[in-house]
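Let me begin by presenting the structure, written as structure tokens, before commenting on it.
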Amino acid sequence: MGAAWQWFLYTTLPLPVILLFLLTFPGAQWVRRTVLRSTASIMSTRVSLGSSSFRLVYAFVFVVSVVFLSCTATCLRLQNEKDDADESLMSPAQRMQVLARRWRADRNWWISLFALVMWYLLARVAALCTKLHRLEEAQKAEKAK
């Protein structure tokens, strides 16, 4: 499970965080336009799987959603196990082991929720920035007339 979490943390989490930071960072017009163009190309990259083709962003959202649902199921399962177990019969080491497992599952749930929210925010902010860019270009063209 460690390798899967490493892949999840190092691929699905940094990309939306970095792109959101760059999209919302104030800067010169040409910098914003370049960041928006590169974000749009990343968001519109298509992946072919057999006879079907879909956007790469949908693949990331799907993976993050599956991880989130898996973490939710793990947290619920560990909560039920805790309710079923009699803590008075456990040694302190066993109790710490149960708590460590629950805390790890909770941490993973929050990380996966954060990743899911970041991908959603990236999609919305990129759409809003694209719309703003189009409106600014239309305004420039109207002023030039």
Task: For the stretch 62-67, Karplus couplings with θ = phi - 60° (6.51, -1.76, 1.60), whole Hz, Gly/Pro x - done: 4, 4, 5, 5, 5, 5
- [ ] With a point put 7 Å past each Cα toward its Cβ, work out how far Ala141 is from Leu69 in nm, to one decimal.
- [x] 4.3
TODO: Please report how far the C-alpha centroid of the stretch 1-56 lies from that of the stretch 81-145, rounded to the nearest whole angstrom.
DONE: 16
Open item on the list: Using the Kirkwood formula on the Cα atoms of the stretch 63-130, what hydrodynamic radius do you get, in angstrom to one decimal?
Closed with: 13.8
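Can you figure out the FRET efficiency of Arg107 with Trp30, using R₀ = 30 Å and their beta-carbon distance, to the nearest 0.05?
E between Arg107 and Trp30, to the nearest 0.05, is 0.15.
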Task: Magnitude of the charge dipole, the chain, Cβ model with Lys/Arg +1 and Asp/Glu -1, debye to 20 - done: 860
- [ ] Name the long-range amide H neighbours of Arg55: under 5 Å, sequence gap of 5 or more, or other chain; modelled H, no Pro or chain starts.
- [x] Val47
Task: Apportionment of accessible area to carbon and sulfur, the stretch 17-97, percent (1.4 Å) - done: 65
- [ ] Pop out the ³J(HN,Hα) list for the stretch 47-55 in order, Karplus 6.51 cos²θ - 1.76 cosθ + 1.60 with θ = phi - 60°, rounded to Hz; leave Gly and Pro as x.
- [x] 10, 9, 10, x, 9, 9, 9, 8, 6
- [ ] Sum -39500 (n - 2.57) across every DSSP H segment of at least 4 residues in the chain, then divide by the residue count to get the 222 nm mean residue ellipticity, nearest 500.
- [x] -28000 deg cm²/dmol
Task: Per-residue ³J(HN,Hα) for the stretch 94-103, Karplus 6.51 cos²θ - 1.76 cosθ + 1.60, θ = phi - 60°, Hz, x for Gly and Pro - done: 5, 4, 5, 5, 5, 5, 4, 5, 5, 5
TODO: Would you work out if the stretch 10-84 is rounded, prolate or oblate? Take a ≥ b ≥ c from the square roots of the eigenvalues of the alpha-carbon gyration tensor; rounded if a/c is under 1.5, else prolate when a/b is larger than b/c, oblate otherwise.
DONE: oblate
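The values are calculated or read from the model by the stated rules, or taken from the named source; none is laboratory data. Quick caveat, the model's predicted, so the values are computed rather than measured. Positions of Cβ are backbone-derived with ideal geometry, glycine not excepted, and every protein chain shown enters the neighbour counts. With ligands, DNA and RNA removed, areas are computed over all heavy atoms of the protein, side chains included. Shrake-Rupley method; radii C 1.70, N 1.55, O 1.52, S 1.80 Å.
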